[in-house]
Amino acid sequence: MGFSPNLLKGIEELGFTEPTPIQQQVIPIVLESEKDIVGLAQTGTGKTAAFGLPIIEQIDVNNPDVQALVITPTRELCIQIANDLSDFSKHINGLRVVPVYGGASIETQLRALKKGAHIIAATPGRMLDLMKRRAAKVNNIRTVVLDEADEMLNMGFREELDSILSETPVDKRTLLFSATMPKEVARIAKNYMHDPQEITVGKQNAGADNVKHIYYLVHARDRYLALKRIADVNPDIYGIVFCRTRMETKDVAEKLIKDGYSADALHGDLSQAQRDYVMSRFRNGALQMLVATDVAARGIDVNNITHVINYNLPEQVESYTHRSGRTGRAGKSGVSIAIINYREKSRILQIQKMIGKTFEKRPVPTGDEICKKQLFNLIDRMENVEVDENQIEPFMDAVNKKLSWLSKEDIIKHFVSLEFNRFLEYYKNAPDLNKNAESKRDNREGRKGDFGRDRRERGSESSGRRRSSDNFARFFINIGKKSGIVPKNIIGMINDYTHDRDIRVGDIDIKDSFSFFEVDKKSAGKILKAFKNAKFKGQRVNVEVAEEDKSGRKKGKRR
């Protein structure tokens, strides 16, 4: 493909032999022309190498300027890309890749940039901060890459992206990669790219061909019990459990750990050191299940994930594509599972239509099925265990003497019971979770079932019946479902118009033609000021403080 020997050596050491479809199409264009590219492909298709290898090939190591900038939505993805680029270029002397991201020491990153960087991998907020400090200079950049562009905009980074791109040279090349193509991504392409060539691998928003999609229908209250049974019926599971909120993530992970599973949580409340520790344990197989929010899981690039479990379906159906893309990577097969209740059946139909794949409905495994599966898994492990004759032989006389009173059949029974009794005991009188799951009755997700709403992950449409916290101010906004508004849009508008990503967001209540949302009281004045000239899809937005009744309870009316 026209790469230098030193770059090919790094590629070979990583075990790459054949380019993936996205690499076959993108690499020649980047190497042979200055064209802008919009690449539409699912996660796990090799996008990093598609843009990274030709960029490395074109870096002039004798030029100390920053020549390429890769912008990503999350810390994990930023680190992953920087590591990949460093691995690709390990035999190219003098080429420096520097990752910059929030949650880590800015002083360390300032020192790294001062030493020189040919390629910067960055999250939008930290990059803009470093540009304002004049530590990251983008005036001589030749190539900008926007990776996971749809997710960056979903997370409210529009303002930061606009600010960064406006400072880069007009004649630079821009490569935009996205799994989906919403209007906001198209806007970025229109405003900052010149006649881009669109490359689509597979159908837009489509699910990967090697991922099987399954759903289990249960009562809302039985969601965690269903998760346990899914884990138990798949003894070799190595997967990610997706939750909507940080609080739910913590709650599910704590329950799994308490019940004896090797699990941990990944969410926005963790420090960078804690996140790195959790991810390290997951990557090396010390954890079987990683419980995560959508935002925290972005950038997880682990090729051997067997299952993705949607503990709750995502708020936006497009996010399902990102979730399911965590499995079935690098040509391997995977399973994407959704645990739903009766009210969510229509969401499955929406997702099926979007990804072009059919979900298989399966009954939640019974206790008997799980015990049988676990028993034979145990027997398989015993059959295939490697016996080190030299190590174990000195102990065999004592072992045989100790067990001499037991027959062969009794030894097998004792061995199986030692490992297996906990499953037999737990599932002895286990109820059938499939019973009446198709019924509307008793199948409503209560507010407690959502484990509360956390700062920027209060993304579901709340009923409005719960009393708001005294620490939150409630606002009326004159747009609702008819305008196409969803909770993430409101969060994005708060980010964009206030320029403050630290405002705590409470309940979001979407109605047909208007909505209500909550923010912490200390930010109330900032909200009213920021939304004075706000617009949503061309419609003028009006935000007012919601009225309180005489008891002090916030009502669904505006003042």
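Annotations for the structure displayed:
- In segment 369-388, the residues that are closer than 18 Å to Tyr426 by Cα form no Cβ pair under 8 Å with any partner that is among the small types (Gly, Ala, Ser) and not in a helix (DSSP H, G or I), whether six or more places apart or across chains.
- Screening Arg275 against (1) out of contact with any His (no Cβ under 8 Å at 6 or more places or on another chain); (2) within 29 Å of Ala82 (Cα to Cα); (3) at pLDDT 90 or above leaves a single unmet condition, (3).
- Scan of segment 1-49 for residues that are assigned to a helix (DSSP H, G or I) and of a type in the set (A, V, I, L, M, F, W, C), ordered by number: Leu7, Leu8, Ile11, Ile22, Val26, Ile27, Ile29, Val30, Leu31, Ala49
- For the residues Ile119, Ile106, the requirement of being outside the structural domain of Thr306 (by TED's automatic domain parsing), of a type in the set (A, V, I, L, M), buried (at least 18 other Cβ atoms within 10 Å of the Cβ) and over 30 Å from Gly334 (Cβ atoms) singles out Ile119.
- Candidate set: segment 126-140, residues that are touching a residue at least 60 places away in the same chain (Cβ under 8 Å) and crowded, with 19+ Cβ neighbours inside 10 Å; chosen: the one farthest from Glu34 (Cα to Cα): Ala136
- Of the residues making up segment 26-47, at least one is in contact with a strand residue (DSSP E or B) (Cβ under 7 Å, 6 or more places away or on another chain) and farther than 20 Å from Ile71 by Cα.
Conditions (1) assigned by TED's automatic domain parsing to the domain that holds Ile491; (2) under 30 Å from Tyr277 (Cα atoms); (3) assigned to a loop (DSSP other than H, G, I, E, B); (4) at pLDDT below 90, marked per residue:
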| residue | (1), (2), (3), (4) |
| --- | --- |
| Asn63 | no, no, yes, no |
| Glu76 | no, yes, no, yes |
| Gln80 | no, yes, no, yes |
| Asn93 | no, no, yes, no |
| Pro99 | no, yes, no, no |
| Met131 | no, yes, no, no |
| Arg134 | no, no, yes, no |
| Asp150 | no, yes, no, yes |
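The values are calculated or read from the model by the stated rules, or taken from the named source; none is laboratory data. If you're wondering where the values come from, they're calculated on a predicted model, not measured in any experiment. Glycine gets a Cβ as well: all are built from the backbone with ideal geometry, and neighbour counts include every protein chain shown.
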